[in-house]
Every structure is written in structure tokens, then in C-alpha cells.
Amino acid sequence: MARIKVVEANRAEARLYMNKAQQFLDQARSAFTEQHYDAVMLNAVHSAISSCDAVTVALSGRRSADPNHQRAVELLEQTLAKATTGAPLSQLRALLAKKNVVEYESRPATGREASEALKRSERIIAWALGMTKRP
């Protein structure tokens, strides 16, 4: 596994990352109603990334600063190694796998892809909310 670039963060900042995650999710939902499926996908991805950051900050006081977003998932996996099971790591990986496709390829996202991304993001943020509210 490659070395992950991380930055230290105050654990209280976890709620700020959750706020960002919620904003991105709200925008993804809004874009879905407008059938702006590429915007749904990107906002869903960014919601998931912010959720991931919130959990790692809450539990370890660190977050990924790596430009490769898969590293954020790796940091989350390391952070959770002893803390819990049931983390939505596969949901995160599946969502991040779509990021470059939607962002850099000419093919537009489909309604089905957008719906799936939105559902994944909703699951991730719900899980992250629970994790960041733990004592």
C-alpha cells in the first residue's frame, strides 16, 4: 500500500466535514430532480469524500490530503481497523471509481448511474453521521 499523505485536524472539525458532506448531498438530490446526472455523480462523490474525512478526523484527528481519493478510503480503513465493522468501504470505492469517468470522459452519466450514486452517498453519510456522534 502506498504512503498516504495526511494532515492533522482538530477532532471537533469532524462536524464541519459532515456539514460539507450534507451540502454536497443536498446538491446531488437537487441535481437529480433536474436530471443533471453528471452533477449528481460529482456531488455524490464529494459528499462521500467529506463523510470519509469527517470519520477519520473524529476518530484519529487526521484526514487524507492525498490527491488520489482512494487514499482517503485507505486511511479510513486503517482508522477503522480496530474500531468497528460494517464500514461502507465497498460503497466508497464503487462511488470513487465513477469519479474520473464522469469528470473526464465525454459520455454523460445516465439516470440509473446517478440514482445509484445518490443512494450510495446517502448510505455513506448516514453511516458517517453515526460514527462522528460516538463518544
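The values are calculated or read from the model by the stated rules, or taken from the named source; none is laboratory data. Source: prediction; values computed, not measured. Neighbour counts are summed over all protein chains in view; Cβ atoms, including those assigned to glycine, are modelled from backbone coordinates with ideal geometry.
Annotations for the structure displayed:
- ARG71 meets the conditions (1) in contact with a strand residue (DSSP E or B) (Cβ under 9 Å, 6 or more places away or on another chain); (2) assigned to a helix (DSSP H, G or I); (3) without any contact (Cβ under 8 Å) to a residue 60 or more places away in the chain in every case but one. The failed one is (3).
- Apart from one condition, ALA94 fits all of (1) among the small types (Gly, Ala, Ser); (2) under 22 Å from LYS133 (Cβ atoms); (3) surrounded by fewer than 23 Cβ atoms within 10 Å (Cβ to Cβ); the exception is (2).
- Residue pairs meeting the criteria (Cβ under 7 Å; at least 6 apart or on separate chains; first part of a helix (DSSP H, G or I), in segment 118-131; second among the charged types (D, E, K, R) and modelled with pLDDT of 95 or more): LEU118/ARG29
- In segment 28-53, residue surrounded by the fewest Cβ atoms within 10 Å (Cβ to Cβ) [restricted to those that are touching a His at 6+ places or on another chain (Cβ under 9 Å) and without any contact (Cβ under 8 Å) to a residue 60 or more places away in the chain]: SER30
- Unmet criterion (only one of (1) among the hydrophobic types (A, V, I, L, M, F, W, C); (2) in contact with a Pro (Cβ under 9 Å, 6 or more places away or on another chain); (3) at pLDDT below 85) for ILE124: (3)
- A single member of THR110, THR56 is within 19 Å of MET41 (Cα to Cα), more than 11 Å from the chain's Cα centre (by Cα) and either buried (at least 21 other Cβ atoms within 10 Å of the Cβ) or touching a residue at least 40 places away in the same chain (Cβ under 8 Å) (or both), and it is THR110.
- Which numbered condition THR79 misses (of (1) surrounded by fewer than 17 Cβ atoms within 10 Å (Cβ to Cβ); (2) part of a helix (DSSP H, G or I); (3) in contact with a strand residue (DSSP E or B) (Cβ under 8 Å, 6 or more places away or on another chain)): (1)
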